[in-house]
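Peer 1: Shown below is the structure under consideration.
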Amino acid sequence: MPTVVLGISGSVAAYRAADLARELMRHGFTVRACLTDAAAKFVTPALFEALTGQPCLQDTFEEPDRGRMAHIDWARQADAVVVAPATANVLAKLAHGIADDMLTTIALAHTGRLILAPAMNPAMFASDPVRSALDVLRSRAAVIVEPDEGEVACGEQGQGKLASIPQIVRAIEGVARAGRLLEGQRVLITSGPTQEPFDQVRFLTNRSSGKMGSALARAALLLGAEVTVIHGPQREPLPMEAHRIPVQTAREMEEAAFAALPGHQWVVGAAAVADYRFAQVESGKHRRTGEPISVTLVPNPDVVAGLAHAAEPGVRLIGFAAEPSSELDVARRKLAAKGLWAIAANDVSVPGIGFDADANALTLVFADGTVAESGRRSKLECALFLWETCIARQLNSQS
Ligand code: C5P
């Protein structure tokens, strides 16, 4: 049975979490409740223990199984972690990684998408700090179940009432279901820049940060895949749960990718592979003479095109086309020339998206000519869009 951790924070709407717990159980979930101290002023652990048949936690150091750290066990075992109701205080803490009680500690230790159902006074909900906390949480792929409009407990009118129980249950089911979309499937991703040495201390590279590759890996893990990332020297950290294979040059990336290819159903070329390398690499350090020098650059292998050529039928290959324009002609040509299933085009001339930015806007072009657009979003949200769109197409083409 799927397990949900139901976090309850100190809004008057805490009483509605009892109905939510019951409804989740009717939908087949094992429910483990966790209260903040403020929530425990409105509702009691005894109520949730009686309803769910599971221990209800409140204090960070509680251990229902002695010697086992409950915050880690619960975070790991959960198919979904929801906070309903989520107060302004809890949203701010989650946005900043503050983990000063059991609920926020479990939320921080959980690697899946959080589901957050805010409930508070309308003025608090409309405040800048709450808006920005929600923006940060959305950019990390948290699912926000927007509060309803109406009269809230303090008598004011406006947006702030906890969303309906069916809406919250739908969001939880969506996250739990999505967590299995790529279950049993293996994803191979190339990420980051490559470095092509000139001599022992200098190299040719590009502005890729590896943020998109890292987001694609994280998103594939959220959907249940086993993930291998072949990455150049990138600044952005990669998820610990991925198999990470570091390389430096395009030729090393090609060799590692070919070795890893068998057994993967999905391949994504998100690396900005240097198109050229130095024909000759000088040993030691090239000395300055004051005279002009000329060097010869020779073309590097096209890694993703080579993988497309070598892959078994049925493997889905997705490339990236970072172009200084929104025109899709070049992306379409690359898709065909490289023999890919799909290509994600992004316009790198638009400020704030693309290279080294935290946001992106993808246009997915498929081999049959159809197109899907993500709109401007965080790279993690773009990555989830890419996976969900590609999986939906794959399922459609199979049915
Ligand atoms: O041709 P262009 O470099 O613009 O193509 C971009 C796509 O091809 C990306 O998916 C990139 O990861 C991949 N690529 C590659 N090896 C290269 C050049 C590009 O895998 N040498």
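Peer 1: Under 7 Å between Cβ atoms, which residue pairs at least 6 apart in sequence (or on different chains) link something in the range 62-83 that is in contact (Cβ under 8 Å) with a residue 12 or more places away in the chain with a partner that is among the charged types (D, E, K, R)?
Peer 2: Ala70/Glu62; Ala70/Glu63; Trp74/Arg32
Peer 1: May I pose another question? Take residues that are assigned by TED's automatic domain parsing to the domain that holds Asp148 and more than 18 Å from Pro166 (Cα to Cα) and tell me which of the strands (runs of 3 or more DSSP E) falling wholly in the range 1-100 contain 3 or more.
Peer 2: Working: elements: 3-8, 30-35, 80-86.
Per the criteria, 30-35.
Peer 1: Consider the range 283-301. How many of its residues are over 31 Å from the mean Cα position of the chain (by Cα), within 28 Å of Leu188 (Cβ to Cβ) and either within 9 Å of the ligand (Cβ to nearest atom) or not hydrophobic (A, V, I, L, M, F, W, C) (or both)?
Peer 2: Residues in the range 283-301 being over 31 Å from the mean Cα position of the chain (by Cα), within 28 Å of Leu188 (Cβ to Cβ) and either within 9 Å of the ligand (Cβ to nearest atom) or not hydrophobic (A, V, I, L, M, F, W, C) (or both): 1 in total.
Peer 1: A further question on this structure: For the range 4-41, name all the residues that are of a type outside the set (D, E, K, R) and open to solvent by 20 Å² or more (accessible area, probe 1.4 Å). Show your work before the answer.
Peer 2: Within the range 4-41, the first condition is being of a type outside the set (D, E, K, R), and the residues that meet it are 4-15, 17-18, 20-21, 24-25, 27-31, 33-36, 38-40.
Hits for the range 4-41 are Gly10, Val12, Tyr15, Met25, His27, Gly28, Thr30, Ala38, Ala40.
Peer 1: Hey, can you tell me all the residues within the range 239-262 that are surrounded by 21 or more Cβ atoms within 10 Å (Cβ to Cβ) and either more than 16 Å from the ligand (Cβ to nearest atom) or farther than 22 Å from Ala322 by Cβ (or both)?
Peer 2: Across the range 239-262, the qualifying residue is only Ala242.
Peer 1: Give the residue that is modelled with the lowest pLDDT, with candidates limited to residues of the range 347-360 that are away from the ligand (no atom under 15 Å from the Cβ) and under 17 Å from Glu381 (Cα atoms). Show your work before the answer.
Peer 2: Residues of the range 347-360 that are away from the ligand (no atom under 15 Å from the Cβ), as a first pass: 350-353, 356-359.
Filter again for under 17 Å from Glu381 (Cα atoms), leaving 352-353, 356-359.
Details: Gly352: 85, Ile353: 85, Asp356: 79, Ala357: 87, Asp358: 91, Ala359: 93.
Among those residues, the one meeting the criterion is Asp356.
Peer 1: Filter the range 159-168 down to the residues that are crowded, with 21+ Cβ neighbours inside 10 Å and either touching a helix residue (DSSP H, G or I) at 6+ places or on another chain (Cβ under 7 Å) or assigned to a strand (DSSP E or B) (or both) and list them by number. Steps first, please.
Peer 2: From the range 159-168, those crowded, with 21+ Cβ neighbours inside 10 Å are 160-163, 168; that's our starting set.
Listed by number, the residues that qualify are Gly160, Lys161, Leu162, Ile168.
To keep it simple, each residue is scored yes or no on (1) in a loop (DSSP other than H, G, I, E, B); (2) more than 14 Å from the ligand (Cβ to nearest atom); (3) surrounded by 11 or more Cβ atoms within 10 Å (Cβ to Cβ).
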{"site": "Ile318", "(1), (2), (3)": "no, no, yes"}
{"site": "Ser325", "(1), (2), (3)": "yes, no, yes"}
{"site": "Arg332", "(1), (2), (3)": "no, no, yes"}
{"site": "Ala345", "(1), (2), (3)": "no, no, yes"}
{"site": "Ser374", "(1), (2), (3)": "no, yes, yes"}
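Peer 1: Among the numbered criteria (1) of a type outside the set (Gly, Ala, Ser); (2) under 26 Å from the mean Cα position of the chain (by Cα); (3) away from the ligand (no atom under 15 Å from the Cβ), which single criterion is violated by Arg202?
Peer 2: (2)
Peer 1: When you go through Gln265, Gln280 one by one, which is the residue that is of a type in the set (S, T, N, Q), away from the ligand (no atom under 16 Å from the Cβ) and closer than 26 Å to Ile343 by Cβ?
Peer 2: Details: Gln280 fails: closer than 26 Å to Ile343 by Cβ.
Answer to the selection: Gln265.
The values are calculated or read from the model by the stated rules, or taken from the named source; none is laboratory data. These numbers were taken from a predicted model, which means no experiment stands behind them. Quick reminder, even Gly has a Cβ in these numbers, built from the backbone with ideal geometry, and neighbours come from all protein chains shown. Accessible surface is based on the protein model in full, side chains and every heavy atom, while ligands, DNA and RNA are left aside. Shrake-Rupley method; radii C 1.70, N 1.55, O 1.52, S 1.80 Å.
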